[in-house]
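**Student:** Below is the structure I would like to discuss, written out as structure tokens.
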Amino acid sequence: MREKVRDITASRHGGNAESALAFRDLRPHLAEQTARVASIILQHPHGLTAQEIERISGIPYNCVSARCAELKAEGLVLRKKLGTNLEGKPFFERRKTRSGSLAVVLIWNPTISPSTIGWVKELFEAPAS
């Protein structure tokens with residue numbers, strides 16, 4: 001795991017000064033959201049989709065999805081693996097959404113202690129080096 005989280009949208013805005021400043025100002029709010037999403041995933045060992053996390057947390061879906069992407073990038077959450085196919089490739093659980101499409105189910109990484117949750121917000125709040 002990296003020491004500090006970077007702006008995962010930097011490639012989209014090219015790191016221009018205005019966008020970097022906006023990201024810096026939003027970082028505490030985003031860190032709080034990320035900690036909430038992480039805490040909810042940790043409390044549901046059978047896993048959740050982003051839509052289920054949205055329903056539980058009240059955080060808008062697009063924000064939940066972004067926070068889940070950050071948590072996955074840091075290795076704190078994983079897609080819920082169901083097994084491997086005959087070719088030895090893993091397959092993952094998916095659940096139907098309200099629209100009928102299938103969504104990935106996320107779980108807390110079992111190799112990471114639940115006590116980590118105490119510093120998730122701090123990790124995501126710290127400025128990237």
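What follows is calculated from the coordinates using simple rules that are stated; it is not laboratory data. No experiment lies behind these values; they were computed from the predicted model shown. Here the Cβ positions follow ideal geometry from the backbone for every residue, glycine too, while neighbour counts run over all protein chains shown.
**Student:** Hey, can you rank 86-92, 107-113, 68-74, 97-103 by average C-beta count inside 10 Å, highest first? Working shown, then result.
**Tutor:** Numbers: 86-92: 8.3, 107-113: 14.4, 68-74: 18.1, 97-103: 10.6.
The peptides rank, most packed first, as 68-74, 107-113, 97-103, 86-92.
**Student:** Ratio of segment 14-125's C-alpha Rg to 2.2 N^0.38 Å, to two decimals?
**Tutor:** Working: Rg = 15.3 Å, N = 112, 2.2 N^0.38 = 13.2 Å.
My calculation over the Cα atoms of segment 14-125 gives 1.16.
**Student:** With +1 on the Cβ of every Lys and Arg and -1 on the Cβ of every Asp and Glu, and nothing else charged, how large is the dipole of segment 63-118 about its Cα centre, in debye rounded to the nearest 20? Provide the component values of the computation, followed by the final result.
**Tutor:** Values: 10 positive and 4 negative charges, 59 e Å.
The dipole of segment 63-118 has a size of about 280 debye.
**Student:** I've got another one for you. Given +1 on the Cβ of Lys and Arg, -1 on the Cβ of Asp and Glu, and no further charges, what dipole in debye does segment 14-125 carry about its Cα centre, rounded to the nearest 20? Don't jump to the answer; show the numbers that get you there.
**Tutor:** Numbers: 15 positive and 11 negative charges, 104 e Å.
Around 500 debye, computed over segment 14-125.
**Student:** Taking the dipole about the Cα centre of segment 56-129, with the C-beta of Lys and Arg at +1 and of Asp and Glu at -1, give me whichever of P90, S115, V77 is farthest to the positive side.
**Tutor:** It is P90, whose Cα lies furthest towards the positive end.
**Student:** On a C-alpha basis, how far is the centre of segment 87-101 from the centre of segment 50-69 in Å? Whole number, if you could?
**Tutor:** 18
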